[in-house]
Structures are given as structure tokens and as C-alpha cells.
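Worksheet: the structure to be examined is printed underneath.
The values are calculated or read from the model by the stated rules, or taken from the named source; none is laboratory data. As the structure is a computational prediction, the values presented were derived from the model and not from experiment. No Cβ is skipped: glycine too gets one built from the backbone with ideal geometry, and neighbour counts run over all protein chains shown.
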Amino acid sequence: MKKLIIKTAGITFFICSLNRADAQDVSKKVSLSAWDGMAVAGYVNKGGFVNFGGPTVRFIRKPVAAGFGILPTMRIKEESGTKDAPKNSAIMPTAGFGFTFVYKHIALQVPFYYNPKTATSNGKWNPGLGLGYKF
């Protein structure tokens, strides 16, 4: 038990010392953000989409960033078919995944969304292209 406490204290001290290594740097910039994200609009599969980013793994080298993640989205697409046939809503929530590239505040997105199987077509993934603003 004593060895476990000593090891835990040592690891804690080591981690704290890593955080203190830049204590001499007085040019620290403090920022507070209520929402850090982006708004993107684009085209996919004969319809549009609007999303606000999502959980992403990003690689940042200022002023450029690239990421891969989940994209919660509102898809906008009018279904074609006969007048009397029931249709889905023109605006539907969905999720996809994709790549996002950011230069300063301009975001370029390549999302992929899945269209489920219907009576007339097989299910498949559709790529899209979007342009937006990074806050």
C-alpha cells in the first residue's frame, strides 16, 4: 500500500511539474468561449445540408486545421414521387461523418451521409461538399 501511495504521489508530482514548465512565460492569453464551432452549408445527393460541426479529431497548425469527425446535420431534400404518395419531410435531422479543412475562419467540408434502402433504391453513402465559417 505504501508503494502505491508513493508511486501515485510521484506520478502526480511529475504531471504537475509538466504543467509548471512554462511558468516563466508572461505572454499567456486567456480566452473564454461560450461556443467553439462552425456553421457549414452545402450540397449532397440532390439536396442541401446545414451543420454546426460536432465531435472532431483535429490537427492544428495555425492558421490551418484539418479534422475528421461526426457531423450532426439538418438535411434539406424534397422527395420526388407521385402526388398522392406519402413523402418524408423536406427537412430531416441526420448524422454523418466527414473531413473539415479550415483556413483562418473559412471552413471547407467533405461530408458523407447515408441514404437508407427504399423500395426503389439500395442504401448507399453519398459524398457532399460544404463551405462555412469557423467561429
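Select, from Thr100, Thr56, the only residue that is under 12 Å from the mean Cα position of the chain (by Cα), modelled with pLDDT under 90 and either among the acidic types (Asp, Glu) or within 18 Å of Phe135 (Cβ to Cβ) (or both).
Thr56
Kindly indicate whether any position in the stretch 65-77 is more than 17 Å from the chain's Cα centre (by Cα) and among the basic types (Lys, Arg).
So far as the stretch 65-77 goes, yes, one or more of its residues are more than 17 Å from the chain's Cα centre (by Cα) and among the basic types (Lys, Arg).
So how many residues does the stretch 111-135 have that are modelled with pLDDT of 90 or more and of a type in the set (S, T, N, Q)?
Final tally of qualifying residues: 1.
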